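First up is the structure itself, then whatever we jot down about it.
The values are calculated or read from the model by the stated rules, or taken from the named source; none is laboratory data. Source: prediction; values computed, not measured. Cβ sites come from the backbone with ideal geometry, for glycine too, and all protein chains shown count toward neighbours.
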Amino acid sequence: MKVLVIDDERAIRYSLKEILEMESYEVETAENGEEGLEKARKDKFDAIFCDIKMPVMDGNEVLSKLIEEGIESPVVMISGHADIQTAVDCIKRGAFDFIEKPLDLNRILITLKNATDKASLVKETKILKKKIYGREMIGDSASIGHLREMMEKVAPTQASVLITGPNGSGKELVAQGIYQMSQRSMMPFVEVNCAAIPSELIDSELFGHKKGSFTSAIKDHKGKFEQADGGTIFLDEIGDMSLAAQAKVLRVLQERKLTPVGGDKEITVDVRVLAATNKNLQEEIAKGNFREDLYHRLSVIVLKVPALDERKEDIPLLINHFSAMISSESGKPVREFSADAIDLLSRKEWPGNIRELRNVVERLLILGGNPVSAQDVKDYVI
């Protein structure tokens, strides 16, 4: 494992280096904050020890820059001028831990082990989340390229995002992509299908309830907003939400507070909201079905996901992607599609969008030959 030691005191740098190398760590040193930051940018370290009081750039500034630039190495702050408030402030701002000088050997080694264990856990969690949320957007079309660029710009912010587009076009995938690229990616991602929750249960699902608040409330229940505290909530098909529920969602967005059903105490939540709909919300506002004030809260950024018929040049890539994915899931060798089969599928209309194409590819892999031919497409699809 590789460790970086940033300290302006030569004796501290070299004693730490000697101690850690005896424990089989690979160690690099830097004599000031600027040099340390530059090394952290160029190389990947499993942990960073950083002094607070240094000339040129102090440790607090180094810590802020590391966090700003997304450098994920756990940082242990060290200082000979320590007090409790300094330690608390460093940890609040993102440091893993704080150690006072003179440095204690056992404390250093225990802290370093804990820091590297945590880093490994974070890495494993990211890999697991990538498996869950890691479906990538496939396509080289201009419309998908533009959508990717917008997602990259929007993701690091705290802005609410409204994702529009027809059913099956990949709105959920866009929401998951924004979440994965955001600063909240290690916090919860909670999905709510607003169309699937009965209107009489929507309050309980979104805001929670207290035991005894209604007949079947046999225990306290945390709502989706509270479950997503610190993270992201994805309100799918928000155009199907009742007006009463819309009013309560608006209050949460405005005040960052909610009250569970049957409760008398407000709960403060910090949640980023992503919403999606296949409806034209402007038309729904005109019909009286959607609150205009909620629309403006949700639509700080509006991202439109194109229908598959608007980006047919991506169909060959999508066919190959789905073929590989389905084959992998079934443990079978990847099957090819003939050029004629791909041409026929590319010219077909896709009212069901990406979802329909994926189902068609799976059908052809089950029923078609190897390679899947144009005749297979005619027999089983067109």
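Side notes on the structure shown:
Yes/no per residue for (1) more than 29 Å from the chain's Cα centre (by Cα); (2) more than 29 Å from Thr157 (Cα to Cα):
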site: Val27; (1), (2): yes, yes
site: Leu37; (1), (2): no, no
site: Phe45; (1), (2): no, no
site: Asp58; (1), (2): yes, no
site: Lys65; (1), (2): no, no
site: Ser73; (1), (2): no, no
site: Asn106; (1), (2): yes, yes
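- Of all residues in the stretch 324-344, those satisfying the criterion of being in contact with a helix residue (DSSP H, G or I) (Cβ under 6 Å, 6 or more places away or on another chain) and assigned to a helix (DSSP H, G or I) are Ile326, Asp340, Ala341, Ile342, Leu344.
- Tally of residues being aliphatic (A, V, I, L, M) and within 12 Å of Ser73 (Cα to Cα) across the stretch 92-121: 4
- Pairs, first closer than 14 Å to Ile382 by Cα in the stretch 334-346, second of a type outside the set (Phe, Trp, Tyr) and part of a loop (DSSP other than H, G, I, E, B), C-beta under 9 Å, six or more apart: Asp340/Ser373; Ala341/Gly368; Ala341/Pro371; Ala341/Ser373; Leu344/Val381; Leu344/Ile382; Leu345/Val381; Leu345/Ile382
- So Ile197, is it crowded, with 17+ Cβ neighbours inside 10 Å, closer than 24 Å to Val305 by Cβ and without any contact (Cβ under 8 Å) to a residue 12 or more places away in the chain: yes
- Listing of helices (runs of 4 or more DSSP H) fully contained in the stretch 20-115 that carry 2 or more residues being closer than 17 Å to Leu4 by Cβ: 33-42, 59-68
- If you go through the stretch 264-286 and keep only what is farther than 17 Å from Thr164 by Cβ and either surrounded by fewer than 16 Cβ atoms within 10 Å (Cβ to Cβ) or in contact (Cβ under 8 Å) with a residue 60 or more places away in the chain (or both), you end up with Asp264, Lys265, Glu266, Thr268, Asp270, Arg272.
- The residue that is farthest from Ser185 (Cα to Cα), counting only those in the stretch 39-89 that are of a type in the set (Asp, Glu) and exposed (fewer than 12 other Cβ atoms within 10 Å of the Cβ), is Asp83.
- Here Ile382 fulfils each of the conditions (1) of a type in the set (Val, Ile, Thr); (2) surrounded by fewer than 17 Cβ atoms within 10 Å (Cβ to Cβ); (3) within 34 Å of the chain's Cα centre (by Cα) apart from (3).
- Screening Leu274 on (1) farther than 30 Å from Asn359 by Cβ; (2) at pLDDT 95 or above shows it passes everything except condition (1).
- Taking every residue in the stretch 1-26 that is within 17 Å of Met54 (Cβ to Cβ) and pairing it with any residue that is small (Gly, Ala, Ser), at least 6 positions away or on another chain, the pairs with Cβ-Cβ distances below 6 Å are Ile6/Ala30; Ile6/Gly36.
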